[in-house]
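No value in this document is a laboratory result; all are computed from the given coordinates. Only a predicted model underlies this, so the values are computations on that prediction, with no experimental measurement involved. Here the Cβ is made from the backbone with ideal geometry for all residues, glycine too, and neighbour counts use every protein chain on show.
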Amino acid sequence: MTVTVPKWQQFITESLLQSHLFSGLCLISNQNEVIYDYGTLKYIDKTDTKQLNMFVNKNTQETTACFHLGVAGRTFHFRIYYRTHVSIYATASGNQCGLTISKLPHGIFVTMFQKPTMSHKAITLVEDFTDRLRC
């Protein structure tokens, strides 16, 4: 049986972008190089990619960590509110936006979503998407 792997843009569009829940997406290699970016995460700073890689690769269950992220000319202050061995969920001050950071075999996948998007809807789509990337 042959499995057809869709092209990346088609795959990401059908899996995430069609939902219109996300304001930004970014795929970052373990070497902190941006492989794919979209929307508000299009101009993420190299310093921030290192910081995100450090957070997701840290062996801790700490959920009170805070960090700053420069996105589209603005600096957001995020607080991690949930963490698993492969994912981090964070929210910005005043719950104005959310961020997911997902560990993959060769990098991380970051998504950003804004109000009025419900966190659980965005997180469910991201987890399904990244589960397929880990196969």
* Which longest run of the chain has no exposed loop site in it, a site being trypsin sites (Lys or Arg not before Pro) in a DSSP loop with at most 15 other beta carbons within 10 Å, and the site itself not part of the run? -> 59-135
* List, in the order given, every pair from LYS46/LYS103; LYS7/LYS46; LYS42/LYS103; LYS42/LYS115 whose Cα-Cα distance in the structure shown is over 21 Å. => LYS7/LYS46
* Structure fact -> Labelled set [x] 31, 20, 9; [y] 22, 17, 15; [z] 90, 10, 8; semi-axes √(5λ) of the Cα gyration tensor in Å computed from this model equals the value at [y]
* Determine, for CYS66, CYS97, CYS26, the number of other Cβ atoms within 10 Å of each Cβ, and report the residues in order from fewest to most. => CYS66, CYS97, CYS26
* Structure fact -> Note to self, the chain gives a 222 nm [θ] from helices alone (DSSP H runs n ≥ 4, -39500 (n - 2.57) apiece, / all residues, nearest 500) of -8500 deg cm²/dmol
